[in-house]
Amino acid sequence: RSFTSQTDGEARVTRVLREKFPRASAIRVVDISGGCGAMYEIHIESEDFKEKRTVQQHQMVNQALSEEIKSMHGLRIFTSTPKP
């Protein structure tokens, strides 16, 4: 599949993250389970993560995706703040 077309799962997770992190400057969601929606890799860059420890940033993402996570097998989260 091409990089421009997202799976339904990727689109759904991206939509939820955009809602929960409106200040995010970048959000990338990749289904790393071969398209079945069992495992995702998420990259988020947001001002919301400023002055928060990595574990706190990941907790914010987990909380935002609490409903979606119920049907997932695994999740890899990468968070960062925008570079000045």
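Report, in degrees rounded to the nearest 10, the 0 to 90 angle that the Cα long axis of helix 8-20 makes with the longest principal axis of the chain. It works out to around 20 degrees.
Find how much the distance from Glu67 to Lys20 grows on full extension, using 0.36 nm per residue of separation minus their present alpha carbon separation; answer in nm with one decimal.
Answer, rounded to one decimal: 15.6 nm.
Under the criterion of Cα pairs below 8 Å and six or more residues apart, the relative contact order for the chain equals 30 percent.
Per residue, how much accessible area does the chain have with a 1.4 Å probe, in Å²? Could you put the intermediate results ahead of the total?
On the way: 5490 Å² over 84 residues.
Accessible area per residue, the chain: 65 Å².
Once the Cβ-Cβ distance of Arg12 and Gln56 is raised to the sixth power relative to R0 = 35 Å, the FRET efficiency obtained is 0.90.
Run through every distinct alpha carbon pair of the chain and return the Kirkwood hydrodynamic radius in angstroms, one decimal place. All intermediate terms of the calculation are to be shown ahead of the outcome.
Working: mean 1/r = 0.0769 Å⁻¹.
Computed over Cα pairs of the chain, the Kirkwood hydrodynamic radius comes out at 13.0 Å.
Taking amide H positions as modeled 1.01 Å from N, with prolines and chain starts lacking one, the residues under 5 Å from Ile77 and 5 or more places away or on another chain are Ile42. Net charge dipole, the range 5-57: roughly 180 debye, given to the nearest 20, about the Cα centre with Cβ charges of +1 for Lys and Arg and -1 for Asp and Glu.
In this rough spin-label picture, where each label sits 7 Å from Cα along the Cβ direction, the Phe78-Glu47 distance is 2.4 nm. Near Val16, once Lys and Arg are set to +1 and Asp and Glu to -1 for all other residues with Cβ below 9 Å from its Cβ, the sum equals +1.
Out of all DSSP beta bridges in the range 22-80, what portion is antiparallel? Express it as a percent rounded to 5.
Working: 7 of 14 bridges.
Within the range 22-80, antiparallel bridges account for around 50 percent of the total.
Each of Arg12, Arg18 has its accessible area taken with a 1.4 Å probe; listed largest first, they run Arg18, Arg12.
To the nearest ten degrees, helix 54-64 and the longest principal axis of the Cα atoms of the chain are 50 degrees apart. Report, to the nearest whole %, how much of the accessible area of the chain belongs to carbon and sulfur atoms, 1.4 Å probe, protein only. Whole-percent figure for carbon plus sulfur exposure: 50.
The values are calculated or read from the model by the stated rules, or taken from the named source; none is laboratory data. On a predicted model such as this, the values are computed, not experimentally measured, just so you know. No Cβ is skipped: glycine too gets one built from the backbone with ideal geometry, and neighbour counts run over all protein chains shown. Ligands, DNA and RNA are excluded from the accessible area calculation, which covers all protein heavy atoms including side chains. Shrake-Rupley method; radii C 1.70, N 1.55, O 1.52, S 1.80 Å.
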